[in-house]
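Engineer: The structure is given below, and queries will be raised subsequently.
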Amino acid sequence: FGSATALTIEVMTGYRAVESMRNPVMEATSPSDFWGRRWNVAVHGALKRGVFKPVRRFSSSFVAALMAFIASGLFHEYLVHLTVMYNKEPRVADDNVCNALNTDYKPQLGSNMAFFAWNGVIMVTEKLLGRNRVMQSFGSTLPRFMVVFLTIMTALPLAHWFGNPYIKQGLLCDFQEGYFFVTKIV
């Protein structure tokens, strides 16, 4: 779908559309590959220019990376506030369209921040361990599917910290009418 949309934009406007996601879930080979080269490339570029590089001038790359993830966490907390906390129009719960909608749900503020701080720590840890020869040989001997699996498992156990505020308030419910979603069958 994304490629078709990009092609349509190019044909209609003459502007080249930049691919925002580069198959992070199936092709990422490390947390830094996932966050830095595959997941939301446009936001990565903005955070690199606006946070990482300025902080890096006065501190280490580890501190700069953590600050970029903290800035991303703050940005997502702001989005939760705007889309979930500040949304004054009541949503009508339609169980046929969105089983996840919970009109009484109040998001835990700070969960997005915690999710991105965790991933910042994972990135710094990856860079520190990557200097170790044992870790370098360990990563190069694993089959690719295992490397991808381990990469995803650095974020997946805590992904609910990121997704719950959006899912529970029904922000993604409108997409279910037009796109295929995998949902729990009771």
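Engineer: I want the local charge near Met21. Using Cβ-Cβ distances under 12 Å, sum +1 for each Lys or Arg and -1 for each Asp or Glu among the other residues.
Structural biologist: Result for the local shell: +1.
Engineer: OK, next. ³J(HN,Hα) across segment 49-57 via Karplus (A = 6.51, B = -1.76, C = 1.60, θ = phi - 60°), whole Hz, x for Gly/Pro?
Structural biologist: Using θ = phi - 60°, the values come out as 6, x, 10, 4, 5, x, 5, 4, 4 Hz.
Engineer: List residues of segment 136-155, by number, whose backbone nitrogen lies under 11 Å from a label position 7 Å along Cα→C-beta of Arg37.
Structural biologist: No residue qualifies, since no backbone N sits under 11 Å from the label point.
Engineer: Using a simple spin-label model with points 7 Å from Cα along the Cα→Cβ vector, what separation in nm is obtained for Ser60 and Arg144?
Structural biologist: 3.4 nm
Engineer: Something else about it: Once fully extended, how much extra length lies between Leu129 and Lys48, figured as 0.36 nm per residue of separation less the alpha-carbon to alpha-carbon distance? Each step should come with its number before you reach the end.
Structural biologist: On the way: separation 81, 0.36 × 81 = 29.16 nm, distance 2.23 nm.
Length gained, Leu129 through Lys48: 26.9 nm.
Engineer: Counting only other residues whose beta carbon sits under 13 Å from that of Ala65, what net charge do I get with K and R as +1, D and E as -1?
Structural biologist: Values: positive: Lys48, Lys53, Arg56, Lys127; negative: Glu126.
Surrounding charge for Ala65 is +3.
Engineer: So, in Å, what gap is there between the alpha-carbon centers of segment 117-154 and segment 25-42?
Structural biologist: The two parts, judged by their Cα centres, are 13 Å apart.
Engineer: I would also like to ask the following. Please compute the length gained on full extension between Val121 and Ala4, using 0.36 nm multiplied by the number of residues separating them and subtracting their Cα-Cα distance. Write out the running numbers ahead of the final one.
Structural biologist: Details: separation 117, 0.36 × 117 = 42.12 nm, distance 3.61 nm.
That works out to 38.5 nm of additional length.
Engineer: Right, something else. If I ignore ligands, DNA and RNA and count only protein heavy atoms, how much of Phe162 is accessible to a 1.4 Å probe, in Å² to the nearest 10?
Structural biologist: Taking all protein chains as shown, Phe162 has close to 60 Å².
Engineer: Could you tally the net charge around Arg144, taking each other residue with its Cβ under 14 Å from the Cβ of Arg144, Lys/Arg +1 and Asp/Glu -1?
Structural biologist: Values: positive: none; negative: Glu27, Asp33.
That sum, taken over residues with Cβ under 14 Å, equals -2.
Engineer: Multiplying the sequence separation of Leu158 and Lys106 by 0.36 nm and subtracting their Cα-Cα distance, what value in nm do you get? Intermediate results must be reported in sequence, preceding the final value.
Structural biologist: Values: separation 52, 0.36 × 52 = 18.72 nm, distance 1.84 nm.
Contour length minus Cα-Cα distance gives 16.9 nm.
Engineer: To the nearest 10 Å², what's Leu82's accessible area with a 1.4 Å probe?
Structural biologist: 70 Å²
The values are calculated or read from the model by the stated rules, or taken from the named source; none is laboratory data. As the structure is a prediction and not an experimental result, all values here were calculated from the model. Every residue, glycine among them, receives a Cβ derived from its backbone with ideal geometry; neighbour counts consider all protein chains shown. Ligands, DNA and RNA are stripped out before the accessible areas are found, and what is left, the full protein with its side chains, is counted by its heavy atoms. Shrake-Rupley method; radii C 1.70, N 1.55, O 1.52, S 1.80 Å.
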